[in-house]
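Nothing in this text is a laboratory measurement; each read-out follows from the coordinates by a stated rule. Quick caveat, the model's predicted, so the values are computed rather than measured. Neighbour counts run over all protein chains shown; Cβ positions are idealised from the backbone, glycine included.
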Amino acid sequence: MKLHWLSIGLLAALSQDAGAFQVKRETTTPRDKLQYGVHYFDQKINHFPDDELFSQSNLSYGTFKQRYYFDSSYYKPGGPVYFIGGVILENRYYGASYPFKTSTTDELLFLTTNQTIADNAHFAQNAVFPGVNGSLTAPNTPWIVYGGSLAGAQTAASIKVYGDILYGGIASSAPIKVNVGYPEWYNPIQKYAPQDCVARINKIVDNFDLLVAKNHTKAIKQFKAFFGLESLTDHRDFAAAIADPIGNPGFYHLNTWQELNWNSSYGSRDFFYFCGNVSDIDAPEEHTQVDYILANYTNGEPWTGLGNYANYVKRHTLPLCSSGDYNSNECWGTQNATAWASIENSSSRSYLYTSCIEQGAYISAPKEGPSLLSRVVDTDYEQQWCRWAFPPGKYNTVPDTPDVDAYNDFGAFNFTADRLAFIDGDQDVWNDLCYHSNFAPARTSTDLHPELLITGAGHHWDSYGILNVEAEPQFIREAHKWEVKTVKKWLRDFDQWKVSKKLG
């Protein structure tokens, strides 16, 4: 079967994500200039009307308008359909097309992994694409699903549960095994970031935690003032704020290690700029003097790099709070329960809900060993947001702690399905939840169950491509070639698969 396809993406802009899979276009319009029209599909609100959990709600029936975009410029009759998702997937998970615009706890009842992967299968079986002749519905047409990050996990679950409908999938940086807390988020930074910077931050965190443990209130207040954050009376809010350039629980403002990318069109070097400032050995005296102010609390040992660190936060982090009220919810203060209870329909609220009910993976400080985040931050810091944001409804109540077993029941580290490929990056902050986690068993790749770990790569770096694949960095280039080969192998067996399924 020739490699011609129709690409469908439930995302805001897919024009670059498939850049590695280039064939000759039928148009001369540059890819980055293409405009895709928006289309709508009548998606079911509830795919499980017989499930008691969902059927009790009076919101259980009907449909909503699910938004999608498609690119048919590569398509020729007989070709497969590539179903492309991403971390901004416009489905019920991220709220862009979620049917209920107030997002009360009851309405969020239908915001689950099972409902979302059922969306994918139902769409593949029923979607009609304007201007494309003939039926492209699954399973008579091979649908290949791709997703990165959370959409990668949804891809994996879609193929496992609906493998008789969706022919194959590539799950990139897909979190398949979650825990309530996830201190391992910092492990790649601890290991791979510039070590002079890491060592300085580790020591500063240790020293701050010592002040907290000994209740040195005057010194704590002075330490917060160095960063211009004395208004943050909750130590956890303060710890999260100064970790913003690294990455912190909740929603950080700066570009962090996770936002690094091999493709400069998408990535940011902010993290390395931050680290370069913290470890600057030629810093002005006004910065280095700060390192000695609290030395009497550490037996005369200076807090090396503190002045540089604090100056960076004041210059580059604090201005991101436009109101100047650092203790507000839109900045770094998280203790306003009323603000959390606001029912605005936004991607952050949808993501928080799914974390609260089944995904967990709350970023927290490690209980032992060096840390880039103060140890005052534990899992309850984020769990309290769940209690405030989602008060009990008539039909739906958020659990006291995420039901991670429901999420892990898809397979966790033993996740497998025919024609499901896993691809990860070894420097991804989320990798220890993924197929190639350091806690997972040894992996062996086969044609039906392929896997690849990209050396030196971060969070779903294979999602990004350029038109000239040969010009990509070598490990990204070879990952893209591997993905193409993998799918081509699957497609060669599609007709035999159809016969085995007794499809027309």
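Annotations
- Too-long pairs where the Cα-Cα distance tops 31 Å, listed order kept, from 44/394; 177/489; 177/502; 191/485: 177/502; 191/485
- Calculated diffusion of the chain, Stokes-Einstein form, Kirkwood radius summed over Cα pairs, 20 °C and 1.002 mPa s, µm²/s: 88 µm²/s
- Here the contact order of the range 387-481, divided by its residue count and restricted to Cα pairs under 8 Å and six or more residues apart, works out to 24 percent.
- Protection proxy ranking of 174-187, 284-297, 148-161 - average other beta-carbon atoms within 10 Å, highest first: 148-161, 174-187, 284-297
- DSSP bridge pairs, the chain: antiparallel proportion in percent, nearest 5: 30 percent
- Using the Cβ-Cβ distance between residue 132 and residue 416 with R0 = 25 Å, the FRET efficiency computed as 1/(1 + (r/R0)^6) comes to roughly 0.15.
- Nearest 10 degrees, 0 to 90: helix 150-161 Cα axis against the chain principal axis: 40 degrees
- log₁₀ of I(q)/I(0) at q = 0.11, 0.22, 0.23 Å⁻¹ - the range 381-504, Debye sum with one point per alpha carbon: -0.60, -1.25, -1.31
- Three semi-axes describe the equivalent ellipsoid of the range 95-208; taken as square roots of 5 times the Cα gyration tensor eigenvalues and ordered largest first, they are 40, 20, 13 Å.
- 0 to 90° range, to nearest 10: angle between helix 113-126 axis and the chain longest Cα axis: 30 degrees
- Cα-based helix-to-principal-axis angle, 217-226 vs the chain, degrees rounded to 10: 60 degrees
- The calculated FRET efficiency for residue 470 paired with residue 446, based on their beta-carbon distance and R0 = 25 Å, is about 0.35.
- Isolated Cys residues of the chain, judged by Cβ distance under 4.7 Å to other cysteines: 434
- Per residue, the average separation of C-alpha pairs within less than 8 Å and at least 6 apart gives the range 183-389 a relative contact order of 28 percent.
- Karplus 3J(HN,Hα) series, Hz, for the range 131-143 with 6.51 cos²θ - 1.76 cosθ + 1.60 (x for Gly, Pro): x, 9, 6, x, 8, 10, 6, 7, x, 5, 10, x, 9
- About its Cα centre, the range 183-389 has a charge dipole of approximately 200 debye under the convention of +1 per Lys or Arg Cβ and -1 per Asp or Glu Cβ, with nothing else charged.
- In the range 320-394, the convex hull through the Cα atoms has an average projected area of 6.4 nm², a quarter of its surface area.
- Dividing the convex hull volume of the alpha-carbon atoms in the range 183-389 by its residue count gives 136 Å³ per residue.
- Net dipole in debye of the chain [+1 Lys, Arg Cβ; -1 Asp, Glu Cβ; about Cα centre; nearest 20]: 1340 debye
- Inter-label distance for residue 285 and residue 338, nm, one decimal - labels placed 7 Å from Cα along Cα-to-Cβ: 5.0 nm
- FRET efficiency for residue 330 and residue 378, using Cβ-Cβ distance with R0 set to 30 Å, rounded to 0.05: 0.80
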